[in-house]
Amino acid sequence: MQGKKEHQPQLFAYVDVEKLIPTGHLLRRIDKVLDLSFIRSETKNLYCADNGRPSIDPEVFFRAQLLSYIYDLGGDRQLCEEVRVNIAYRWFVRLALEDEVFDHSSMTRIRDRLGEEVFKKVFEQIIEQCKKAGLVTARRLLHDASMIDADANLGSLVERKNDDPETKKPSHYKERYHDFATGKKQRKFANHTHVSSTDPDATIVSRAGGYRKLCYKGHYTCDAKSRVITDCHVTTGARHESQLLAERIDYQLERFGFETEAIAADKAYGNGPNYQYLRSKRITPYIPMVAANTAKEKIPRSKFAYDRKNDRYICPEQHFMLPFTVLPNGTKRYRVPGKLCLTCPRRQDCVSEKPSQKIRYIHRGEHQDEVDLIRKRQTTAYFKSKLRERQWKIEGLFGEAKQNHGLRRARYRGRQKVQIQAYLIATVQNLKRLATSLKFWLFIFLRRVFQQALIANKTV
């Protein structure tokens with residue numbers, strides 16, 4: 001007999017939501033490691049104690065924000081809609097089936113009220129949990145940066161003339177780099193001449209192949225063994241990554257008490273000041289130096305021996321090269337005195353073919369010792385293996401963040417709000433690693449055994 005279900009709206013129903021969530025569900029695994037018990041005390045001073053309507057519970061708010069990035073739900077409107085219809089989402093944010101879902105505008109107001117520092121504390125708290133579970137030792141660190149597309153386009157650019165809004169009118173582009181209003185085929189603009197009227201914190205970033213966008217730059221540091229993110233920082237797209245390395249390492253050493261022994265990064269961080277800083281911290285750098293351009297100078301710089309005692313170089317023909325000028329950045333310029341270079345039999349192999357250069361020069365910067373050491377070490381097999389490890393581990397984290405959690409494009413405008421977005425995404429990535437860690441569950445098991453043993457001893 002064919003069955004037929006008559007649909008009748010139920011006024012009352014009893015459902016155990018706990019039983020509806022599968023044991024292996026990602027949200028259930030994350031829920032077991034997520035501890036936000038500290039959040040109420042951290043945010044207490046941001047609310048009035050005896051006036052106004054009760055706000056959304058801070059823990060509910062943070063769970064909702066994390067949920068939004070776990071599944072890359074796109075924004076607050078979509079988040080609220082998904083929580084309204086998805087039982088697993090309701091369970092994760094601590095809403096019962098009969099509870100009314102919060103409004104999307106409340107998410108925006110609370111996020112602005114809390115500010116960047118509170119989200120930073122949540123991010124740091126999860127790192128502390130990873131440390132307790134034995135996931136983070138930070139003996140070896142990996143560091144890298146990646147572009148984040150701003151929530152603005154080139155059409156929002158206006159000239160940096162003055163503070164008068166009447167003179168700052170947006171420039172409209174029908175096509176990229178083409179202004180049909182004036183008939184010009186290409187419009188020249190740069191960060192020092194133009195600013196986005198939509199997102200003033202975003203800066204113009206250009207790349208090969210015609211790439212030009214308004215961007216931010218996200219900086220990650222992670223533990224080389226567990227790939228737990230230990231630092232997450234957002235700057236403008238125009239800020240060069242090498243300028244931040246010392247600052248970000250200092251923050252981690254001071255905040256978490258890391259005893260870092262080595263760090264790996266790409267060649268963008270390879271400069272003398274960074275090498276000197278890492279040497280002062282007794283941290284071994286696996287950061288390659290950009291190879292010297294010796295295509296037109298067949299005798300490489302390495303063939304010129306440096307006499308430290310007399311501050312001079314000795315060329316392959318045993319001529320002394322003495323410093324004769326100092327550049328504004330402190331770099332010394334060495335050359336053979338007189339006309340010895342002009343009569344040297346190896347001149348064709350040594351001096352550049354440029355018409356303006358008639359003799360060979362050697363430049364020595366303030367941090368040349370560190371640079372020479374790295375150039376020597378970066379040819380070894382061990383050094384290259386550390387660079388390969390860095391490539392797939394930390395660049396893989398950026399790939400995961402962009403593909404699965406929404407770091408490819410900024411959801412909000414302004415550096416501070418993009419920083420909040422980056423903190424939440426990095427926190428989600430760390431929670432995933434914590435939830436799948438065998439070390440963590442072993443730690444929980446041993447802690448429970450220890451607690452039960454203490455209770456048993458007290459009862460005896």
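The values are calculated or read from the model by the stated rules, or taken from the named source; none is laboratory data. No experiment lies behind these values; they were computed from the predicted model shown. Here the Cβ is made from the backbone with ideal geometry for all residues, glycine too, and neighbour counts use every protein chain on show.
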Worksheet, complete the sentence: Given the conditions (1) surrounded by 14 or more Cβ atoms within 10 Å (Cβ to Cβ); (2) over 30 Å from Phe383 (Cα atoms); (3) within 25 Å of the chain's Cα centre (by Cα); (4) of a type in the set (Gly, Ala, Ser), every one holds for Ala145 apart from (2)
Worksheet item: For the stretch 113-142, which residues satisfy the criterion of being at positive phi and crowded, with 20+ Cβ neighbours inside 10 Å?
Response: Ala138
Item to complete: Determine, yes or no, whether Arg409 is among the charged types (D, E, K, R), surrounded by fewer than 17 Cβ atoms within 10 Å (Cβ to Cβ) and in contact with a strand residue (DSSP E or B) (Cβ under 9 Å, 6 or more places away or on another chain).
Response: yes
Worksheet item: How about the stretch 229-244: which of its residues are modelled with pLDDT under 95 and in contact with a Leu (Cβ under 9 Å, 6 or more places away or on another chain)?
Response: Gly237
Fill in: the stretch 244-283, residues that are out of contact with any strand residue (DSSP E or B) (no Cβ under 9 Å at 6 or more places or on another chain), free of Cβ contacts under 8 Å to residues at least 12 places away in the same chain and either part of a helix (DSSP H, G or I) or surrounded by 15 or more Cβ atoms within 10 Å (Cβ to Cβ) (or both)
Asp250, Glu254, Ser280
Worksheet item: Which residues, counting only those in the stretch 59-88, are free of Cβ contacts under 8 Å to residues at least 24 places away in the same chain, surrounded by 13 or more Cβ atoms within 10 Å (Cβ to Cβ) and among the β-branched types (Val, Ile, Thr)?
Response: Val83
Worksheet item: If we scan the stretch 60-81, do we find a residue that is of a type in the set (Ser, Thr, Tyr), modelled with pLDDT of 90 or more and not in a helix (DSSP H, G or I)?
Response: yes
Worksheet item: Do we have any residue at all in the stretch 431-443 that's modelled with pLDDT of 80 or more and within 14 Å of the chain's Cα centre (by Cα)?
Response: no
Item to complete: Scan the stretch 335-362 for residues that are in a loop (DSSP other than H, G, I, E, B), crowded, with 16+ Cβ neighbours inside 10 Å and under 43 Å from the mean Cα position of the chain (by Cα) and jot them down.
Response: Val351, Ser352, Arg360, Tyr361
Worksheet item: Has the stretch 368-375 got at least one residue that is in a loop (DSSP other than H, G, I, E, B) and either touching a residue at least 40 places away in the same chain (Cβ under 8 Å) or surrounded by 14 or more Cβ atoms within 10 Å (Cβ to Cβ) (or both)?
Response: no
Practice prompt. Might you check whether a residue that is over 30 Å from Asp223 (Cα atoms) and among the small types (Gly, Ala, Ser) occurs anywhere in the stretch 370-383?
Written response: no
Worksheet, complete the sentence: Note on the stretch 376-426: residues within 30 Å of Gly74 (Cβ to Cβ), charged (D, E, K, R) and assigned to a helix (DSSP H, G or I) are Lys393, Glu395, Glu400, Lys402, Arg415, Lys417
Practice prompt. Return the residue satisfying two criteria in turn: it lies in the stretch 89-109 and is surrounded by fewer than 18 Cβ atoms within 10 Å (Cβ to Cβ) and assigned to a helix (DSSP H, G or I), and of such residues it is nearest to the chain's Cα centre (by Cα).
Written response: Thr108
